[in-house]
Amino acid sequence: MRAFMSVLATAAVVAAACGGGGGAAAPSGAVTIKGTDYAFSPDTVRLKVGQEVRITFRNDGEKDHEMMIGKGVKMMDGKPDGYQTWFMQGMQMRFERDGKAIDAMGAMGGDMDEPSDIGMMLVDKGASPVTIVFTVPDKVGEWEMGCFEDNGTHYDQGMKGKVIVEK
Ligand SMILES: [Cu+2]
């Protein structure tokens with residue numbers, strides 16, 4: 001806990017030094033993203049390099065939804081099917097559901113189509129939210145979050161958003 005508070009204090013100092021940023025920031029290190037049919041709310045999240053964050057993905061929709069972060073949409077048979085570059089790949093991350101630790105495969109609902117180390121969070125309709133905890137890597141720039149369920153139709157209907165990583 002002490003180490004966590006220390007990270008938050010550092011993040012706050014960094015934010016102050018940069019004059020802040022605005023937007024749906026995660027100043028406390030925690031942000032909840034709601035998935036609906038077919039959108040993310042908020043649809044823009046700002047993260048600071050080095051900040052420990054807890055991103056919770058909650059499904060408020062009538063469909064199963066997922067949240068993944070990456071760049072460059074990968075096409076499969078003419079349909080959007082994930083990203084070419086994954087934001088989380090190779091990173092240390094932890095997942096929680098119902099206050100208990102779960103593994104990466106549990107967080108992605110056993111989906112074997114994608115690599116297991118991309119930080120994918122799949123929440124079925126009516127299921128408990130999933131939280132991912134990680135330290136924001138030095139990958140400054142604009143990334144995208146998206147849901148590619150139902151053969152990419154969720155993505156095509158606008159289920160996407162921005163993840164902006166700043167120093
Ligand atoms: Cu979806």
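Taking a straight Cα-Cα cut-off under 18 Å and skipping sequence neighbours fewer than 8 places away in the same chain, the aspartates and glutamates within cross-link reach of Lys74 are Glu66, Asp111, Asp113, Glu114, Asp117, Glu142, Glu144, Glu149, Asp150, Asp156. Checked against a 18 Å cut-off, the cross-linked pairs Lys100/Lys160; Lys100/Lys162; Lys34/Lys162; Lys71/Lys139 give Cα-Cα distances beyond that limit for Lys100/Lys160; Lys100/Lys162. Under the shape rule built on the C-alpha gyration tensor, where the axes satisfy a ≥ b ≥ c, region 59-99 is oblate, since a/c reaches at least 1.5 while a/b does not exceed b/c. Is the C-alpha gyration tensor of region 49-143 telling us rounded, prolate or oblate? Criteria: a/c under 1.5 is rounded; beyond that, a/b larger than b/c is prolate, otherwise oblate. Taking the square roots of the gyration eigenvalues as a ≥ b ≥ c, region 49-143 is oblate. Cβ-to-Cβ counts within 10 Å put Leu122, Leu47 in ascending order as Leu122, Leu47, the fewest first.
Readers should treat all values here as calculations from the given coordinates under stated rules, not as data from a laboratory. None of the values given here were measured: they were computed from a predicted structure. A quick note on method: Cβ atoms are made from the backbone with ideal geometry, for glycine too, and the neighbour counts reach across all protein chains shown.
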